[in-house]
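Before any comments, here is the structure.
The values are calculated or read from the model by the stated rules, or taken from the named source; none is laboratory data. No experiment lies behind these values; they were computed from the predicted model shown. All Cβ positions, glycine included, derive from the backbone under ideal geometry; neighbour counts span all protein chains shown. These accessible areas exclude ligands, DNA and RNA; they are computed on the full protein's heavy atoms, side chains included. Shrake-Rupley method; radii C 1.70, N 1.55, O 1.52, S 1.80 Å.
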Amino acid sequence: MSTLTTPGRTPKVTPALRKSKAGWNVLGLLVFLTAGFPVYWMLNTAFKPAKDAIDPDPSLLPTGFTLSNFSRALDIADFWGPVGRSLIVSLAVVVIGIVVGMLAALAISRFAFRGRKVVIVGILAVQMIPLVAMIIPVFLLLNALDQYDKLSGLIITYLTFILPFTVWTLRGFIVNIPKELEEAAMVDGCSRTSAFIRVVFPLLAPGMVATSVYAFIQAWNEYLYALMLLSQKNQTATVWLGNFTTKHGTEYAPMMAGSTMMAVPIVVLFLLVQRKMAAGLTAGAVKG
């Protein structure tokens, strides 16, 4: 039974409400532990001695501290080259994807044209296709276009599965911005382009940040296409991690150290845009 309250009086906390809050807190804690344990184990293994990383009876708590795994990770293969190539590919995908995706989303959400619904359905259908099913066609197409083993070819490939998500997500943000704001700006003398830049674009910025972070993470972490479409000399950071698996086994401690170094750009990016990220995620409620 709900508790009636009067203005100016603090609502009474019933035992049932306390139990409900405690239950949700426990559930949230379990979700946090489940999601955070792999990250903790990666950090724990990265800083522990290599012999402890292959112990058949591992300890949940750190048994030692060393930085030798990081130096081993940097020595086993070139690190900065793959990381630099991954940054180039990821940033190019984000910039091109956001610009093209924003224009496409604006056209879909603001203009009525023949085949509009077909385009929307097509965007959804493309996202349903498994990426592994397109490896052979993509390889043959890039080879015919002389884009095999080139970063430009990998960028084009990533755009094929990041653009649909970008368009669909930004469309949701644009639909939530009332058309009346643009119309009011045009009445005051702005052109359609000027109204978009002055009115819509600032309101769309949080959604663009949230979408950009997702696109960056997708391009940064992608492994399969980078492995198939690039040679050893042009490998990206995710493929670089495969160097720790040799015929003698897997060097787990250096691999976890390399994974930790690879996670740093994502963490830094998130810390820089976390406020915009939160605003963008809450502003993109489904509508239309």
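If you check LYS150 against the conditions, is it farther than 16 Å from LEU103 by Cβ and modelled with pLDDT under 85? In short, no. Pick out the one residue from VAL209, VAL199, VAL132 that is part of a helix (DSSP H, G or I), in contact with a Cys (Cβ under 9 Å, 6 or more places away or on another chain), farther than 20 Å from ARG85 by Cα and modelled with pLDDT under 90. Selected residue: VAL199, the only one of VAL209, VAL199, VAL132 that is part of a helix (DSSP H, G or I), in contact with a Cys (Cβ under 9 Å, 6 or more places away or on another chain), farther than 20 Å from ARG85 by Cα and modelled with pLDDT under 90. One residue stands out among those in segment 107-134 that are touching a helix residue (DSSP H, G or I) at 6+ places or on another chain (Cβ under 6 Å) and surrounded by 15 or more Cβ atoms within 10 Å (Cβ to Cβ): the one that is farthest from THR157 (Cα to Cα), which is SER109. The residues in segment 106-133 that are among the aliphatic types (A, V, I, L, M), touching a residue at least 12 places away in the same chain (Cβ under 8 Å) and within 26 Å of LEU229 (Cα to Cα) can be counted, and the count is 5. Applying the condition of being open to solvent by 30 Å² or more (accessible area, probe 1.4 Å) and in contact (Cβ under 8 Å) with a residue 24 or more places away in the chain to segment 85-105 and asking which residue is farthest from ILE174 (Cα to Cα) yields ARG85. Name the single residue, out of those in segment 141-193 being of a type in the set (Lys, Arg) and surrounded by fewer than 18 Cβ atoms within 10 Å (Cβ to Cβ), that is nearest to the chain's Cα centre (by Cα). Across segment 141-193, the extreme among qualifying residues is LYS150.
For segment 228-258, the set of residues classified as crowded, with 21+ Cβ neighbours inside 10 Å and either basic (Lys, Arg) or not in a helix (DSSP H, G or I) (or both) consists of LEU230, GLN235, THR236, GLU251, listed by residue number. Out of the residues in segment 15-57 that are among the polar types (S, T, N, Q) and more than 25 Å from ALA73 (Cβ to Cβ), state the one that is nearest to the chain's Cα centre (by Cα). By that ranking, first place goes to THR34. Among the residues making up segment 60-84, those that are under 16 Å from VAL264 (Cα atoms), of a type in the set (A, V, I, L, M) and crowded, with 16+ Cβ neighbours inside 10 Å are ALA73, VAL83.
Residue count for segment 234-260 satisfying the condition of being over 17 Å from ALA50 (Cα atoms) and either modelled with pLDDT of 85 or more or touching a Pro at 6+ places or on another chain (Cβ under 6 Å) (or both): 7.
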